[in-house]
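Take a look at the structure below.
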């Protein structure tokens with residue numbers, strides 16, 4: 001079927017479905033159904049599958065390219081401190097502008113012993129007010145070893161060269 005562009009609202013009495021059709025078998029898979037009770041004001045798809053990751057296993061300053069992968073793994077038996085790049089370097093690598101947001105996952109689940117990871121921000125990187133006000137949660141910059149050793153941080157740019165850093169999971 002051809003692609004169709006509409007100017008104005010598209011309406012249906014029986015709902016809408018988003019589907020994919022297999023090129024090999026022709027089988028149709030329904031990905032989403034939008035019915036009478038569905039209301040969408042903003043739909044954002046975030047690809048959290050990180051095909052490229054960075055492995056860092058010793059105390060280091062993380063490069064902007066490593067942060068840009070969105071996923072850093074650590075497998076260490078000793079404590080590690082990861083210092084994030086400056087706002088200028090990270091902003092340039094991401095092409096950041098005011099409002100750019102990046103989620104950074106740090107996976108310390110394969111570390112053992114005393115291999116906790118501590119994250120530190122660099123020049124033009126600051127902890128958010130939530131991180132500063134509640135250091136035990138949003139400001140918790142230490143990631144333990146083992147099964148609970150997975151953390152998500154959100155990096156939000158206030159300009160092309162400065163970011164705010166918060167732990168979000």
### Query
For residue 99, which of the numbered conditions (1) out of contact with any helix residue (DSSP H, G or I) (no Cβ under 6 Å at 6 or more places or on another chain); (2) buried (at least 17 other Cβ atoms within 10 Å of the Cβ) fails to hold?
(2)
### Summary
Scanning the range 128-169 for residues that are touching a strand residue (DSSP E or B) at 6+ places or on another chain (Cβ under 7 Å) and without any contact (Cβ under 8 Å) to a residue 24 or more places away in the chain gives 169
### Task
Could you list, in sequence order, all residues of the range 129-163 that are under 21 Å from residue 99 (Cβ atoms), modelled with pLDDT of 90 or more and in a loop (DSSP other than H, G, I, E, B)?
160, 161
### Summary
Over the range 94-108, the set of residues over 14 Å from the mean Cα position of the chain (by Cα) and at pLDDT below 95 is 95, 96, 97, 98, 99
### Message
Looking at the structure I just gave you, is residue 118 farther than 22 Å from residue 58 by Cα, in contact with a strand residue (DSSP E or B) (Cβ under 8 Å, 6 or more places away or on another chain) and surrounded by fewer than 16 Cβ atoms within 10 Å (Cβ to Cβ)?
### Response
no
### Query
Within the range 68-90, restricting attention to residues that are modelled with pLDDT under 95 and more than 18 Å from residue 149 (Cα to Cα), which residue is surrounded by the fewest Cβ atoms within 10 Å (Cβ to Cβ)?
69
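The values are calculated or read from the model by the stated rules, or taken from the named source; none is laboratory data. This structure is a prediction, so every number in the text was calculated from the model and none was measured. Positions of Cβ are backbone-derived with ideal geometry, glycine not excepted, and every protein chain shown enters the neighbour counts.
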